[in-house]
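The values are calculated or read from the model by the stated rules, or taken from the named source; none is laboratory data. This structure is a prediction, so every number in the text was calculated from the model and none was measured. Quick reminder, even Gly has a Cβ in these numbers, built from the backbone with ideal geometry, and neighbours come from all protein chains shown.
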Amino acid sequence: MAIIVVPDDYATISLAVAAAVAGDEIQVKGGPYAESVLIDSKARITLTGVNLGAGYPVIAPAANTHPTFDCAAIVLNESDYVTINNLVLHNAVGAGEKNYGILVRSSSDVVIQGIEATALKSAVVIQTNGVKTCQRLVIGSCNFHDLVYTDLTEGIGVDDQGATQNEVTLTNNTFKNLQYGVGFNPLNAAGIVGKYVVTDNIFDTVAQIGLAVECNEGGGTNTATILAYRNIFLANSVANMHFSETTVSSVLNTPSPQVYCWKNIARLGLVGNYYSTHTGTDTNDDGIFDNPEIISAHHIDNAPLFHQWGVEYTSCQRIRGYVYNASATTSDNVPVPMVGVTVLAVDPVTGVTQSAITNASGYYYFALPPLGTGIVIQVNVNGFVIAEVTKTVELTSNLPVDFYLWNVHRYKA
């Protein structure tokens, strides 16, 4: 396991990749790199851009030096457990039909994050070679914008021979000023299958469609499942989402109720997506429109968001509890009290419960020590039990007890 620095150890990224072995990390210093990087038949390597003050490295190939593959700034071919971080991708080759940022071909367990891509046909394209599949891909925290070519530019594309990809997660990405945000465009006889999770992305000013699942021009049947929720769709010209076939199933809200905070009140319910074009009412003031967003007869968001899912939310809000006369000054983590939350200590043997109370600083604590071992600390939100912690030691002192409220999101009003 070594750290290889470009250009200190090797003049180019390609030379560093060729020398890397499993477990190595290639750190690329900021600057321009006019090369197409081929990661071929590698495993367990990391490619990371490093910003030393002048920005992250910019990869913009001057020519397609790997004609076996479509032209891309980075080609990842039959390479598993590869992570690519913090790079800026352009393509200086020209407005050709195949002009990509990253081509992921028949590779699995790949993580792509922190990428900025512009001036391309497609930022990331996922393909198979017809033999080896792509599985368990994560693309997150990327900024795909101003993809200038008019021949159906897209941020992320499941393209030619796109069969049997599965467990693809697209999260916290921004798609702005391009033709399509995410496009499933299979051209083969097998069709797309598997599960695709599209969550917490922003689709902004997309000229055609934010999330598009197109018909299979290769004659196959698409049977994938699309899970899309907590996305933000803004000013997209033609459609926010489009499904060409009824054989593709979709869940356009959280698969199960989640706890979230709306106007400082803890809620429990399904959470969908935000659409700037959606209108209606929220009569019970829970942050969810009363009326669904109907994409088509087979694809419906039953819980469209009343406002954008904003930056002021947390995926797990911590409640710090104290047992027997604990004071707020002993904690290093100030919680945010939420209406509707109760914390109980439950003796599973006797059934005796004791409610925690909050002091002036909002900390949960018990006025008297819950006795006995195996006491269950139970967190409730509006009467729903959402978390339990069993303590195996007797709670008789003022030692701190940590409670975790899983999947609690702050929903910006």
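Couple of notes before you dig in:
- Flag for Ala34 being modelled with pLDDT under 95 and either within 25 Å of the chain's Cα centre (by Cα) or of a type in the set (A, V, I, L, M, F, W, C) (or both): yes
- Answer from Thr118, Thr150 - the residue that is surrounded by fewer than 24 Cβ atoms within 10 Å (Cβ to Cβ), modelled with pLDDT under 80, farther than 16 Å from Thr68 by Cβ and among the β-branched types (Val, Ile, Thr): Thr150
- Options Ile45, Ile59; residue that is surrounded by 24 or more Cβ atoms within 10 Å (Cβ to Cβ) and either at pLDDT 90 or above or not assigned by TED's automatic domain parsing to the domain that holds Lys29 (or both): Ile59
- With respect to the conditions (1) free of Cβ contacts under 8 Å to residues at least 40 places away in the same chain; (2) surrounded by fewer than 23 Cβ atoms within 10 Å (Cβ to Cβ), Ser36 lacks only one, and its number is (2).
- In this structure, Pro255 does not satisfy being at pLDDT below 85 and either in the same structural domain as Val158 (by TED's automatic domain parsing) or surrounded by fewer than 19 Cβ atoms within 10 Å (Cβ to Cβ) (or both).
- Gln27, sole failed condition from (1) surrounded by 19 or more Cβ atoms within 10 Å (Cβ to Cβ); (2) more than 24 Å from Thr118 (Cβ to Cβ); (3) not basic (Lys, Arg): (2)
- Top-ranked residue of the range 227-242 - restricted to ones that are more than 14 Å from Phe175 (Cα to Cα) and crowded, with 23+ Cβ neighbours inside 10 Å, ranked as modelled with the lowest pLDDT: Arg230
- The condition (being β-branched (Val, Ile, Thr), modelled with pLDDT under 85 and within 18 Å of Ala43 (Cβ to Cβ)) is satisfied by just one residue among Val93, Val104, Val131: Val131.
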